[in-house]
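J.: Quick one: structure below, then a few questions.
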Amino acid sequence: MPSSFRRAGFGVLACFLASAAAAHDHAPLRGRLVFADHEKPVVRILDLDSGEVTHSFDVPKANPGFAGVAGGRYVVVKTGDEAGTLRILDTGLIAESHGDHVDLDKATPRLLDFATRGDRPAHVISGQGQLALFYDGLRPWEGKSEPKAVLVAIDSLARDKPAVTVWPSPAPQHGIAVPLGGRQWLMSVPNPAYARGDDRSASPRPNGFEILEQRGGPQKAAGWKRVARLDDPARADASCKLYHGYAPARGGRHLLGCAEGEDGGLLVLSRAGKGVAVGWSARKLAYPDERRVSALKSRAGGRHLVGNYGLKAPYDALLRIDPEARALTATDILPVPGGQAVCQFELNGNASRLANLTPDGKLRIYEVAPAWKELAAFDAVAPFDCAYGAKTPTPGLAVLGSSAFVSDPSNGRIREYHLDTLKQGLDMPVGGMPANLAGSDAG
């Protein structure tokens, strides 16, 4: 979260909530919300200042997936077609800092001509000026494929031909590529049992990572130098069995969810050294009990991260994570009321509050620290099925700054809830069946 494509959190969006100081001499613009339709193959844009749907883009299939890109201007659109096509939507939102405030300009949105294709597009991660699009590849017993990560310089997306490098994965895997800065990347290492293809029960989740340094310019056959390895099963602090779940943390740290059990936990990756001597160190932060996380959410500058927590789907608890803690405890666990699935959850701008949309249709607002505390609960939508692959419409949740937005497919509306005042805000009719939403702001 930092971002992969999930059924429950995607839809999309791209939106800025510009910060404004008291000295600001004009009202700041609120931005645009991008959303998908459950029935129609279209992506639309809702202007949060006028409350009107202003732009529409055709896509191959209904209800595409989305992932926001660092910086807030672009959104990756997972079209869902047979070719595994990923497109980039330029929302036209341009933030300009003036020291005491941020101005937001609105240019014309457009769906870029640039597209990538491959087998089973999955995790999308961005940061450090880079965007990584990971293609898992086919299951080994299904046939040959080309698992890969397509790496794109974000500032080049405005060009006719963006700067692209393709990293070939050594084998199929449900993998990840994380930009670390300084031309360094954290790349997942395939699970050997899955890669061989002789055990169809083997997990596609990776068993560890390596840090690679990119050599040469953007090109398909770029050179790579291994800087470090984090795939030693004999060392708990240098491996991550059955990885799933990633988010960046403040201080240049990176958190990765690993398996449950004695050698499981969260892998905390930190910078060590300065300047050209920068290296990396890793340690394990054990889970409070026998469960594990599957997805992680963070906000720039926020102290805590939050993950969904359980032994297997559906995950029915939330886990608060302080990367600087020596240990996590039972007080970091928040059970979802009624034993429901976590479903969708997002942090506010400074990670002090969390919004959780659950299958009973309620949107609950929690204070994250110093202790979990429910602050409010809204009857946001009718009860729904949020299981992966659900055929019925699934509402979407996006948190932008201090506002949570929930789509209501059954009634063709998008509603706003203020996380600071704990009151409902806008209730906007948009027509159709708005479903998927995800958030991205100017940080």
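J.: Once the Cβ-Cβ distance between residue 81 and residue 311 is put in as r, and R0 is 41 Å, what FRET efficiency do you end up with, to the nearest 0.05? All intermediate terms of the calculation are to be shown ahead of the outcome.
T.: Values: r = 35 Å, r/R0 = 0.84.
Using R0 = 41 Å, I get an efficiency of 0.75.
J.: Okay, moving on. Please quote Rg/Rh for the stretch 62-143 to two decimal places, taking the Kirkwood radius as Rh and restricting both calculations to Cα atoms. List each step's numbers first, then the result.
T.: On the way: Rg = 15.6 Å, Rh = 14.4 Å.
With Rg and the Kirkwood Rh in hand, the quotient comes to 1.09.
J.: Right, here's the next one. Can you quote the Å³ per residue value for the convex hull of the Cα atoms in the chain, rounded to an integer? Spell out each step's value before the answer.
T.: Values: hull volume 64.5 nm³, N = 443.
Output value, Cα hull per residue: 146 Å³.
J.: Right, another one. Using a 1.4 Å probe on the protein heavy atoms, what percent of the accessible area of the stretch 361-409 belongs to carbon and sulfur? Write out the running numbers ahead of the final one.
T.: Values: 1040 of 1890 Å².
C and S fraction of accessible area: 55 percent.
J.: Name the residue farthest towards the positive end of the dipole of the chain from the options 404, 129, 315, assuming +1 on Cβ of Lys and Arg, -1 on Cβ of Asp and Glu, about the Cα centre.
T.: Toward the positive end, the furthest listed residue is 129.
J.: With θ set to phi - 60°, apply the Karplus curve 6.51 cos²θ - 1.76 cosθ + 1.60 along the stretch 292-309 and write out the HN-Hα couplings as whole Hz, x wherever there is a Gly or Pro.
T.: 8, 9, 10, 9, 10, 10, 8, 9, 4, x, x, 6, 9, 10, 9, x, 6, 9
J.: Roll a 1.4 angstrom probe over the protein heavy atoms and tell me the percent of accessible area of the stretch 147-241 that is carbon or sulfur. All intermediate terms of the calculation are to be shown ahead of the outcome.
T.: Values: 2100 of 4330 Å².
Using a 1.4 Å probe with all protein chains present, the stretch 147-241 comes out at 49 percent carbon and sulfur.
J.: Taking 24 Å as the cut-off for C-alpha to C-alpha distance, list the pairs among 61/297; 40/161; 40/391; 106/391; 106/148; 61/106 that go past it. Could the numbers behind the result be given before it?
T.: Working: 61/297 28 Å; 40/161 30 Å; 40/391 14 Å; 106/391 35 Å; 106/148 34 Å; 61/106 27 Å.
Correct reply: 61/297; 40/161; 106/391; 106/148; 61/106.
J.: Ok, one more. Residue 410 to residue 229: extension gain in nm, 0.36 nm per residue of separation minus the Cα-Cα distance?
T.: Working: separation 181, 0.36 × 181 = 65.16 nm, distance 4.89 nm.
Length gained between residue 410 and residue 229: 60.3 nm.
J.: Suppose R0 equals 25 Å; then what is the FRET efficiency for residue 300 and residue 105 from their Cβ-Cβ distance, rounded to the nearest 0.05? Before the final figure, lay out each step's value.
T.: On the way: r = 22 Å, r/R0 = 0.87.
The computed FRET efficiency comes out at 0.70.
J.: Shifting gears a bit: Report, to the nearest whole %, how much of the accessible area of the stretch 30-118 belongs to carbon and sulfur atoms, 1.4 Å probe, protein only. Show your work: numbers first, answer last.
T.: Working: 1600 of 3590 Å².
Carbon with sulfur: 44 percent of the solvent-accessible area.
J.: Quick check: from the Cα gyration tensor, does the stretch 292-343 come out rounded (a/c under 1.5), prolate or oblate? Present the calculation step by step, with values, prior to reporting the outcome.
T.: Values: a/c = 2.12, a/b = 1.64, b/c = 1.29.
Taking the square roots of the gyration eigenvalues as a ≥ b ≥ c, the stretch 292-343 is prolate.
J.: Then there's this: Given the Cα-Cα distance of residue 58 and residue 423 and 0.36 nm per residue of separation, how much length would full extension add, in nm?
T.: On the way: separation 365, 0.36 × 365 = 131.40 nm, distance 3.47 nm.
Value of the extension gain: 127.9 nm.
J.: Based on the Cα coordinates of the stretch 349-431, what is the per residue volume of their convex hull in Å³? Intermediate results must be reported in sequence, preceding the final value.
T.: Details: hull volume 8.0 nm³, N = 83.
Once divided by residue count, the hull of the stretch 349-431 is 96 Å³.
J.: Sorted from largest down, give the three principal axis spans of the alpha carbons of the stretch 224-320, whole angstrom values.
T.: Over the stretch 224-320, Cα extents along the principal axes are 44, 34, 24 Å.
J.: Sticking with this structure for a sec: Need one number: nm distance between label points at residue 138 and residue 193, each 7 Å from Cα along Cα→Cβ, rounded to one decimal.
T.: For residue 138 paired with residue 193, the spin-label model returns 2.4 nm.
J.: For residue 39 and residue 322 in one chain, what is 0.36 nm times their gap in residues minus the Cα-Cα distance, to one decimal in nm?
T.: Working: separation 283, 0.36 × 283 = 101.88 nm, distance 4.05 nm.
So the chain would gain 97.8 nm between residue 39 and residue 322.
J.: Taking a probe of 1.4 Å, how large is the accessible area per residue of the chain, in Å²?
T.: With the other protein chains kept in place, the chain gives 41 Å² per residue.
J.: Kirkwood Rh over alpha-carbon pairs of the stretch 82-236, then Stokes-Einstein at 10 °C and 1.306 mPa s: what D in µm² s⁻¹, rounded to an integer? Can you show the working numbers first?
T.: Numbers: Rh = 17.1 Å.
It comes out at roughly 93 µm²/s.
J.: Moving on. If you add up the charges near residue 208, with Lys and Arg at +1 and Asp and Glu at -1, over every other residue whose beta carbon is less than 15 angstrom from its beta carbon, what do you get? Don't skip to the answer; put the middle values down first.
T.: On the way: positive: 205, 226, 229, 235, 241, 283, 284; negative: 210, 231, 232, 237, 263.
It works out to a net charge of +2.
J.: Next question. Return the Cα extents of the stretch 45-86 along principal axes one, two and three, sorted largest first, each rounded to a whole Å.
T.: 37, 23, 11
The values are calculated or read from the model by the stated rules, or taken from the named source; none is laboratory data. Treat the numbers as computed from the prediction; the structure is a model and nothing was measured. Using ideal geometry, Cβ is built from the backbone for each residue, glycine included, and neighbour counts are taken over all protein chains shown. To get the accessible areas, we keep the full protein, side chains included, count just its heavy atoms, and leave off ligands, DNA and RNA. Shrake-Rupley method; radii C 1.70, N 1.55, O 1.52, S 1.80 Å.
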